[in-house]
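Just below is one structure, and these are the notes that go with it.
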Amino acid sequence: MMERTLRENKGSALRRAEPLHLLKELKAILYLIPFLVPFSVFYLWPVLRGAWMSLHVWGIQGMEKYVALANYRKIFVNADFYSYLWNSFYFVLLCTPTVIILGLVLALIINQNIRMRTLIRSVFSCLMCCRCLWSASSGCVYSMLRMVQ
């Protein structure tokens, strides 16, 4: 008799918990919206749009016609494509570990308890700031000098 009442209580407790569970899921979705909106606008939409555009032939005035996978067939038949693909992978495989290792080594050197530690950190930070200021593509000093010319 007691087992039966326990089983019934468990079943009814589970039924009563369902609206709370749904409410928790709704809260989780509401917390994700500030991430999902920019992610969808700035990442998903361009990726999906690019995939759609790759299935068409484009001219100077816009989309001309739907060609399905003909563009991909054209790429995979071209021998230069594989050379370009290998060069890209080679560059990534060479540069990525190098940048990561050099960054870690510099961080370890800067973080060591050595003489003139503060001076080394200051010089490193100043060099990084100067690089950002004088950058040819986005530096503010370079932009001002270009406006004067």
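The values are calculated or read from the model by the stated rules, or taken from the named source; none is laboratory data. Since the structure is predicted, the reported quantities are computational estimates derived from the model, not experimental observations. Please note that ligands, DNA and RNA were not included when accessible areas were found on the heavy atoms of the full protein model with its side chains. Shrake-Rupley method; radii C 1.70, N 1.55, O 1.52, S 1.80 Å.
Structure notes:
- The stretch 31-107, accessible area per residue, ligands and nucleic acids excluded (1.4 Å, Å²): 88 Å²
- Ligands, DNA and RNA left out, the accessible area of the stretch 24-149 computed with a 1.4 Å probe is 73% carbon and sulfur.
- The Cα-based radius of gyration and maximum Cα-Cα distance (Dmax) for the stretch 22-101 are 19.9, 56 Å.
- In this view, the solvent-accessible surface of Ile101, computed with a 1.4 Å probe and all protein chains in place, comes to about 100 Å².
- Measuring with a 1.4 angstrom probe and ignoring ligands and nucleic acids, Lys65 comes out at about 120 Å² accessible.
- Between His56 and Val67, the built amide H atoms are under 5 Å apart, and every one of these is 5 or more places off in sequence or on another chain.
- Based on Cα contacts under 8 Å between residues 6+ apart, the stretch 23-76 shows a relative contact order of 20 percent.
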